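Trainee: Just passing along the structure, written as structure tokens.
The values are calculated or read from the model by the stated rules, or taken from the named source; none is laboratory data. Everything quoted here is computed from the prediction, not taken from an experiment. Don't worry about glycine lacking a Cβ; one is built from the backbone with ideal geometry, like all the others, and counts go over all protein chains shown.
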Amino acid sequence: MSDIQDQEQYIKSLEQIKQIEEAVQKEINERKEEVQNQIKAIEADLEDTIANAENEGVLLVESSIEKARMKANEEAQKTISEAETKAKNISFHYYQTMMKEIMEILLSGIK
């Protein structure tokens with residue numbers, strides 16, 4: 001009788017081990033799925049972060065280009081304005097002898 005009880009106890013132990021193995025495997029599978037979901041979420045966040053960084057970089061470059069263009073335009077306008085002011089302030093000084101030479105040149109073309 002002892003042998004039968006030992007065998008039954010052995011079978012019962014094997015069944016308990018099997019149940020424990022199945023429970024552990026279930027926990028492992030659940031944890032694996034959780035980790036995979038976390039990895040997917042991290043990858044999605046990473047993709048969003050990269051896309052946002054790229055967009056911010058493009059906007060920053062475009063903004064810098066626009067600022068540089070505006071600054072260059074302002075400097076060009078300032079240079080033009082200064083040149084116009086200087087041109088207005090330059091006066092032509094003529095002398096009697098210069099006027100006589102100009103008149104002679106003009107009249108020589110008529111003769």
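Trainee: Going residue by residue through the range 86-96, is there one that turns out to be of a type in the set (D, E, K, R), free of Cβ contacts under 8 Å to residues at least 40 places away in the same chain and loosely packed, with under 10 Cβ neighbours inside 10 Å?
Mentor: Yes.
Trainee: Moving on. So for the range 2-9 (the condition being of a type in the set (Val, Ile, Thr), assigned to a helix (DSSP H, G or I), surrounded by 10 or more Cβ atoms within 10 Å (Cβ to Cβ) and out of contact with any helix residue (DSSP H, G or I) (no Cβ under 6 Å at 6 or more places or on another chain)), does at least one residue qualify?
Mentor: No, the conditions are met nowhere in the range 2-9.
Trainee: Could you tell me whether any residue of the range 60-82 is of a type in the set (Ser, Thr, Tyr), outside any helix (DSSP H, G or I) and modelled with pLDDT under 95?
Mentor: No, the conditions are met nowhere in the range 60-82.
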